[in-house]
1. Which strands (runs of 3 or more DSSP E) sit wholly inside the range 1-66 and have at least 3 residues that are modelled with pLDDT under 95?
2. I'm trying to understand the selection: among the residues of the range 67-97, which are more than 18 Å from the chain's Cα centre (by Cα), assigned to a loop (DSSP other than H, G, I, E, B) and acidic (Asp, Glu)?
3. State which residue is nearest to LEU14 (Cα to Cα) when the search covers only the range 41-74 and only residues that are of a type in the set (Val, Ile, Thr) and surrounded by fewer than 19 Cβ atoms within 10 Å (Cβ to Cβ).
4. Being over 24 Å from THR35 (Cα atoms), open to solvent by 50 Å² or more (accessible area, probe 1.4 Å) and of a type in the set (A, V, I, L, M) narrows it down to one residue among VAL113, VAL154, VAL124, VAL120; which is it?
5. Does the range 137-151 contain at least one residue that is touching a Ser or Thr at 6+ places or on another chain (Cβ under 8 Å), of a type in the set (D, E, K, R), under 25 Å from VAL16 (Cα atoms) and free of Cβ contacts under 8 Å to residues at least 40 places away in the same chain?
Amino acid sequence: MAAPENSADKRVCLGVIVAVHGVRGLVKVKPFTETPEALTAYGPLGDAAGVRSWQATLKGLQKGNALLALSGVETREAAEALKGLELYVPRDSLPEPDEEEVFYHDDLLGLAVEDGEGQVLGQVLSVQNFGAGDLLEVGEPGERSRFIPFTQAVVPTVDIASGRLVVDLPEET
């Protein structure tokens, strides 16, 4: 999954509509942001293609999910039609991380993964967290992949501008 050539076209998924709430068109959104409140901080939310967009207003929180009112979605039926929809913003609308060793997961996707000798091991296919810390899924699309811990010790170099990261894999026993 290579990053789009034009960064102005790049979109970042902030959450997914998982359910409806009530009869007035509220949607329940599982956030992929650090806090549910951040879903409304970066402008209108849109679909993956950038064709449709909605102004979002936070109406409440429920078990870690955000209850949002989306402009133009005023009935339960209209909200039901959006169930399962991922909500995006343009990457350019997000602030740059204010710490040197902090990265948006989306910015890591498609980066070439090299070992210390410069041998390419694949590319970052996804970033996962199963509860014990972030893992980079590394491989080639459609081929077998492997997970590498995304820690400073294992991934000492992340160079987003050059489109690569360097890993120092532990010796396998």
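1. Counting at least 3 such residues, we get 11-21.
2. The answer is GLU74, and nothing else.
3. Among those residues, the one meeting the criterion is THR57.
4. The conditions single out VAL120.
5. Yes, the range 137-151 contains a residue that is touching a Ser or Thr at 6+ places or on another chain (Cβ under 8 Å), of a type in the set (D, E, K, R), under 25 Å from VAL16 (Cα atoms) and free of Cβ contacts under 8 Å to residues at least 40 places away in the same chain.
Residues are listed down the side, and each one gets a yes or a no for (1) of a type in the set (Gly, Ala, Ser); (2) within 21 Å of the chain's Cα centre (by Cα); (3) open to solvent by 30 Å² or more (accessible area, probe 1.4 Å); (4) over 23 Å from LEU94 (Cβ atoms):
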position: LEU108; (1), (2), (3), (4): no, yes, no, no
position: ASP134; (1), (2), (3), (4): no, yes, yes, no
position: GLY139; (1), (2), (3), (4): yes, yes, no, yes
position: ARG144; (1), (2), (3), (4): no, no, yes, yes
position: SER162; (1), (2), (3), (4): yes, yes, yes, no
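The values are calculated or read from the model by the stated rules, or taken from the named source; none is laboratory data. Values in this document were obtained by computation on a predicted structure and should not be read as measured data. Neighbour counts are summed over all protein chains in view; Cβ atoms, including those assigned to glycine, are modelled from backbone coordinates with ideal geometry. Protein only, heavy atoms only, side chains kept; ligands, DNA and RNA dropped before computing areas. Shrake-Rupley method; radii C 1.70, N 1.55, O 1.52, S 1.80 Å.
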